[in-house]
Amino acid sequence: MNMMTEAAVEKALDQRMNDLSYKMIGKDVSVYYGEKRALFDVNLNVRQNTVTALIGPSGCGKSTFLRTLNRMNDTIDNCRVTGRITLDGDDIYDPSIDVVELRARVGMVFQKPNPFPKSIYENISYGPRIHGLARSKADMDQIVEASLQRAGLWNEVKDRLQESGTGLSGGQQQRLCIARAIAVSPEVILMDEPCSALDPIATAKVEELIHELRSNYTIVIVTHSMQQAARVSQRTAMFHLGQLVEENDTDKMFTNPDDQRTQDYIMGRFG
Amino acid sequence: MTTSTLLLITAAIAMIGYLAGSRRALSLSGGRSSSMHSRPGYYGSFVAIWSALPAALLLGVWLVAAPAIINSSIRSEFPAEVKAQSQASQGLSFGMIEGIARGMRALSAEEAAQAERNPADLRNLMGARGVAIAGDPEAYMIKAANDLNTMNARSNLLRNIAVLLVAVGGAALAYRLIAPRFRARNRVESVILASLVVASSIAILTTVGIIASMLTEATHFFARVPAHEFFFGTVWDPRFAAAGATASEGQFGLIPLLLGTLYIGFVAMLFAVPIGLFAAIYMSEYASQRVRSITKPLLEVLAGIPTIVYGFFALTTVGPFLRDISSQIHGLATGDYSNFIQAQSVLTAGFVMGIMLIPYVSSLSDDIITAVPRALRDGSLGLGATRSETIKRVVLPAALPGIVGAILMTASRAIGETMIVVLAAGVAARIQLNPFEPMTTVTVKIVSQLTGDLEFTSPQTLVAFALGITLFIITLCLNIYALYIVRKYREQYE
Ligand SMILES: Nc1ncnc2c1ncn2[C@@H]1O[C@H](COP(=O)(O)OP(=O)(O)OP(=O)(O)O)[C@@H](O)[C@H]1O
Ligand SMILES: [Mg+2]
């Protein structure tokens, strides 16, 4: 890179930005919470129809980076993002971009299941209703059923759609939240430690679900479990102290990482 | 020795007991604190409590019981013709004896002897010493006064000895109990617990007492006026001034007052709820930290203004303003400049009360809206909902039960509010629906039935207690229901 001229760098970058196999591209992304800097010039690309896992010790900025991808950081007072992030080549921090539309395209599932205190049906229909995705009641029924099917929850809840979503078990609630995100037909789904509040069986179900979703969606997942990262992802990115240490194929990351810190972390030497 | 000196000495004994107890515990532990069950301070406190508490209790009992016993023994010595008088005049005589006794103490021995020989001189003698006596003393009174003085002196002496003995004895007993395995900490804590219980039962008992007194007076009222005439009567006309008229002639219909109360309260809520709620939504969801830190205290200042000040405001500003503007409007429309809004009216009182209630609605709802978990907001925003969609469809529905509770609590304030309506609503008890006309409320009538020179036996005044208990029950029900809703709402997020 050092030998290339500035113009050549620019050109190479443009090329990469247009490369369609990259769904989202982050370039020199830095995030500040007030005076405190949480991310330092992160360059990370997210590939289409791929599961990308973000790993790293607690407080290293995984959630922060994930939240820049659908501008959820905008909801935090005094949080500032610099750098450039594109979705299909369009800068998502451009003033002309409607953040509401962006979040419909880049959905999010949170660490703690957070179903609305409404019925299961209304939990799913919430997004489509806001975005006007259903023209009739039958349309909506169809969307609700399809989303629950995809999230693998349909058989468990089809007889109790009018019951409250908060009455489900933790694992069911998390799958309900995934179904809720799917219902607005996003292109990218961001998941922040989606299994950390779940037991092993529920975790296995969610992982299986992630596996199936990959064919239709691009997924970025934050996880503290190395096994989970190894099981569900194809690409893995390692963060440390607000910096991106390494990004590689998951297989390579877990067998022969380029960076010593990655190796130490995966071996459980810190974090 | 006066009572306060006695108290000081007891406190000193307790203090010494504390020091001695702590020191003993310290020396028993032999420098290793683990060998004692509790820290030395607890042993000290234990000794102090045992010396001060029983002594103080004894003193309290003595202060109540001794005067009563002395009083009755003096009275039993009264001559037969005095005993034949009514209790009230006997009481007066005893009061005079007390005065004389106080005077005797101020006289010298020589003067006292002279007074005993010649009771007629007594008044002058004492007057010279600055002690005034109500009437001319009789012979038996001087003897009784002397008896009173000796009895009081003996009682005081006994009391001082008894209290000091108990204080020292208690301290000594507690001091001897100190041992390594003795659980002083638990004992001290149970005393603290007991005092907490006493404090909270005082609050509860006072409430019970208030209710009981209102209930007894109200039953007196219902003995004169049938309950159904009160609760279902549509005419309020207590007929105060009708001299010579029999008491039961007045009409005590609750309905017009209740309707006035509810109507004015309703108008007040009409102003307070939307404004307060919108303010709360702005403050909790949109306002920046800086704006919040300024506006929240400001609103709380509004809540601290005494309601009588709102009453002034209604009487001198809002009422006249509404009256004048209504006459302008009427004049422009018809050419006749007569006002259709009275200065005292349902609207005036309701509007000003509404302003008073805004801070209650807004700060209660603000707390409730802020308590909706952030995760719910994030969930909605993450699906691409705008801020206002999130508030409308997720935050407010989730907060609704709590907000309803807050509104009910505010309503019970509106119903019990007095000063504003006294000044702004009028006193005419009428059943009508025009908000521009005066109406009156239960609280206004309680005030007007109880002000002035009245005997507390006529239905005209007793009705105030019936009104009071009715009001109390209404607000109590509202508050209980509100608390029930709020509590249910809380469980949802725990
Ligand atoms: N709202 C906030 N305000 C201020 N600082 C924040 C905020 N959120 C995160 N931070 C800081 O930013 C840094 C990165 O936080 P982030 O939540 O991204 O870490 P993480 O990698 O997700 O950690 P974990 O694995 O524990 O979830 C931390 O030092 C954290 O203290
Ligand atoms: Mg995190």
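Summary table
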quantity	calculated
Residue match in the stretch A:127-134 (condition: at positive phi and within 23 Å of the chain's Cα centre (by Cα))	no
So B:ILE391, is it surrounded by fewer than 22 Cβ atoms within 10 Å (Cβ to Cβ), touching a residue at least 24 places away in the same chain (Cβ under 8 Å) and within 14 Å of another protein chain (Cβ to nearest Cβ)	yes
Helices (runs of 4 or more DSSP H) contained entirely in the stretch A:57-161, each with at least 1 residues that are within 14 Å of chain B (Cβ to nearest Cβ), within 16 Å of ligand 1 (Cβ to nearest atom) and of a type in the set (S, T, N, Q)	A:62-68
Residue within the stretch A:191-205 that is assigned to a strand (DSSP E or B), more than 16 Å from ligand 2 (Cβ to nearest atom) and closer than 20 Å to A:SER63 by Cβ present	no
Subset of the stretch B:279-298 that is assigned to a helix (DSSP H, G or I) and polar (S, T, N, Q) - its residue that is nearest to the other protein chains (Cβ to nearest Cβ)	B:GLN289
Helices (runs of 4 or more DSSP H) contained in the stretch B:386-455 and holding at least 2 residues touching a Ser or Thr at 6+ places or on another chain (Cβ under 6 Å)	B:396-416, B:419-424, B:442-450
Selection status of B:LEU347, open to solvent by less than 60 Å² (accessible area, probe 1.4 Å) and either within 26 Å of B:ILE485 (Cβ to Cβ) or within 12 Å of chain A (Cβ to nearest Cβ) (or both)	no
Residues located in the stretch A:185-222, provided they are small (Gly, Ala, Ser), more than 14 Å from chain B (Cβ to nearest Cβ) and either within 16 Å of ligand 1 (Cβ to nearest atom) or more than 17 Å from A:SER147 (Cβ to Cβ) (or both)	A:ALA202, A:ALA204
Unique match (being open to solvent by less than 40 Å² (accessible area, probe 1.4 Å) and touching a Phe, Trp or Tyr at 6+ places or on another chain (Cβ under 6 Å)) among B:GLY416, B:GLY379, B:GLY402	B:GLY402
Residue tally, condition in a strand (DSSP E or B) and within 12 Å of ligand 1 (Cβ to nearest atom), over the stretch A:223-242	4
Pair list, Cβ under 6 Å, 6 or more apart: the stretch A:28-40 residue within 14 Å of chain B (Cβ to nearest Cβ) and open to solvent by 30 Å² or more (accessible area, probe 1.4 Å), other residue more than 16 Å from ligand 2 (Cβ to nearest atom) and not basic (Lys, Arg)	A:GLY34/A:ASN78
Test: residue in the stretch B:222-229 that is outside any helix (DSSP H, G or I) and not assigned by TED's automatic domain parsing to the domain that holds B:GLY468	yes
Of all residues in the stretch A:45-62 being within 22 Å of A:SER225 (Cα to Cα) and either of a type in the set (Asp, Glu) or away from ligand 2 (no atom under 16 Å from the Cβ) (or both), the one that is surrounded by the most Cβ atoms within 10 Å (Cβ to Cβ)	A:VAL51
Close pairs from the stretch B:18-36: first assigned by TED's automatic domain parsing to the domain that holds B:ALA167, partner β-branched (Val, Ile, Thr), Cβ under 8 Å, at least 6 apart	B:TYR18/B:VAL47; B:ALA20/B:VAL47; B:GLY21/B:VAL47; B:GLY21/B:ILE178; B:ARG24/B:ILE178; B:ALA25/B:ILE178; B:LEU28/B:ILE178
Tally, over the stretch B:66-81, of residues that are more than 15 Å from B:GLU98 (Cβ to Cβ), open to solvent by less than 70 Å² (accessible area, probe 1.4 Å) and of a type in the set (Gly, Ala, Ser)	1
Residue within the stretch B:353-376 that is in a helix (DSSP H, G or I), of a type in the set (A, V, I, L, M) and over 20 Å from B:MET283 (Cα atoms) present	yes
Residue within the stretch B:363-376 that is in contact with a strand residue (DSSP E or B) (Cβ under 7 Å, 6 or more places away or on another chain), without any contact (Cβ under 8 Å) to a residue 24 or more places away in the chain and either within 30 Å of A:SER125 (Cβ to Cβ) or within 14 Å of another protein chain (Cβ to nearest Cβ) (or both) present	no
Residue among B:ALA132, B:ALA120, B:ALA112, B:ALA101 that alone is open to solvent by 60 Å² or more (accessible area, probe 1.4 Å), part of a helix (DSSP H, G or I) and over 30 Å from B:ALA25 (Cα atoms)	B:ALA120
Close pairs from the stretch B:160-183: first outside the structural domain of B:GLY30 (by TED's automatic domain parsing), partner at pLDDT 95 or above and assigned to a helix (DSSP H, G or I), Cβ under 9 Å, at least 6 apart	none
Matching entry among B:GLY350, B:GLY384 (being in contact with a Lys or Arg (Cβ under 9 Å, 6 or more places away or on another chain) and of a type in the set (Gly, Ala, Ser))	B:GLY384
Restricting the stretch A:50-75 to residues that are aliphatic (A, V, I, L, M) and out of contact with any Lys or Arg (no Cβ under 8 Å at 6 or more places or on another chain), the residue that is nearest to A:VAL100 (Cα to Cα)	A:LEU69
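Matching residues to (1) modelled with pLDDT under 90; (2) hydrophobic (A, V, I, L, M, F, W, C):
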residue	(1), (2)
A:GLY83	no, no
A:GLY89	yes, no
A:ILE124	no, yes
A:ALA151	yes, yes
A:LEU161	no, yes
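The values are calculated or read from the model by the stated rules, or taken from the named source; none is laboratory data. Since we're looking at a predicted model, the values are computed, not measured. All Cβ positions, even for glycine, are placed from backbone atoms using ideal geometry, and neighbour counts span all protein chains on display. Surface accessibility is based on the protein's heavy atoms, side chains included, excluding ligands, DNA and RNA. Shrake-Rupley method; radii C 1.70, N 1.55, O 1.52, S 1.80 Å.
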